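The values are calculated or read from the model by the stated rules, or taken from the named source; none is laboratory data. It should be emphasised that the depicted structure is a prediction, and the values quoted were computed from it without experimental measurement. Cβ: placed from backbone, ideal geometry, glycine included. Neighbour counts: every protein chain shown.
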Amino acid sequence: MIHFLLLVVCAAAIYLSCEWFVNAVEWLGRRLNVGKMAVGTILAAFGTALPESVVTLVAVTTGATEKAKDIGVGAAMGGPLALSTVAYGITGLALLLKRRRQRLAALAETGMPPSGPYDHPLGDEKDMRRLSKDQKWFLPIFFVKVVLGLVAFAFKPVLGVLFFATYAVYFWREIRGGGAGGAEEDDEELEPLKFQPRKASPATWAVAAQTLVTLVVIFLASQLFVKQLDAIGPVIGLSTTVTALLLSPIATELPEVMNAIIWVRQGKTQLALANISGSMMIQATVPSGLGLLFTTWKFDGALIWSGAVTMAAIIYLLLTMRAHRLTPGRLAVSAGFYLIFAAGLVPILA
């Protein structure tokens, strides 16, 4: 019972911390003079991807056995899977619920529902082009990452450095490009900083302090959340392997999901999507680089299956974005790929 209670407490702590984190990171982006979309793809993504990256780092550098180090490899594969399926799916569901509330409110106020389709696209052609760029970066990098898990050669560890270099190029592109978003984020007034709610322009030290404090809380609460899942898994009849592959990645990607829900609630859809795609870029490069440097980076059937499902989900999203037909409903469908993964995992682990 105590594990379930701690699970709820940790989830609440992560959500509240993310609320303060997104508030701080938007002010941080303004202080650093980066584009609004870069706030999601770089600043917010760096913070929310921290729990999963630390799991990989600790596992591959301190693991006493190859089996212990394999936990880090699993985390490096589980993160992108959870983001490309569950995180996008929940974001789509949150958008659908928000639009439903808006239609009901308009109906109650005017007696008539809003004009136009209920499930209309998430932005114009420029927005779709911007979002699809991240997917086009991610897909080839992730494909190489999976292929390297299938082969063995002497200098494979050296290639880990190339993954770090790839993220550095992506980082530079986002910062230099500014990551201009859609019209919904233009000339936007930010909410007052939580640490200094009465100041129209908070002090830089307050912005930095709120960012760091919330990051620490998110990190600690995420780690405790994962430990509770590890304890609950056997109680409800799940093996350690199933818990590690199915539940732990979702737990460590919880901050991205919370951020997305908060930004959707605030009407900042492009920022919500940018945070997820930016986190995916980190997960595709930094943990992979660590895994290549410190492990054999050899995949079993479950990891190969997770890679295949992740790529299928990204191809689905990329095709939908390039056709300018990405709607909340189609985004919510992404979660179905995680169900496919779970179903396919059963015979693999049997």
By my count, helices (runs of 4 or more DSSP H) wholly in the range 2-63 with at least 1 residues that are modelled with pLDDT of 85 or more and not small (Gly, Ala, Ser) are 2-32
I'd like the full set of residues that are among the aliphatic types (A, V, I, L, M) and touching a residue at least 40 places away in the same chain (Cβ under 8 Å), limited to the range 40-56.
42, 44, 45, 49, 50, 54, 55
Taking the range 278-293 as the search range and keeping residues that are buried (at least 24 other Cβ atoms within 10 Å of the Cβ) and among the β-branched types (Val, Ile, Thr), which one is farthest from the chain's Cα centre (by Cα)?
285
Flagged pairs (Cβ under 9 angstrom, 6 or more apart or on separate chains; first in the range 102-125, closer than 18 Å to residue 328 by Cα and modelled with pLDDT of 70 or more; second of a type in the set (Lys, Arg) and part of a loop (DSSP other than H, G, I, E, B)) are 121/325
So which residues in the range 285-327 are hydroxyl-bearing (Ser, Thr, Tyr) and closer than 19 Å to residue 95 by Cβ, if there are any at all?
316, 320, 327
Evaluation of residue 139 against (1) at pLDDT 85 or above; (2) over 25 Å from residue 326 (Cα atoms) (one fails), failing number
(2)
List every residue pair whose Cβ atoms sit under 6 Å apart, with the two residues 6 or more apart in sequence or on different chains, where the first one lies in the range 330-344 and is closer than 12 Å to residue 84 by Cα and the second, anywhere, is surrounded by 18 or more Cβ atoms within 10 Å (Cβ to Cβ) and small (Gly, Ala, Ser).
331/92; 332/89; 332/92; 334/89; 334/313; 335/89; 337/313
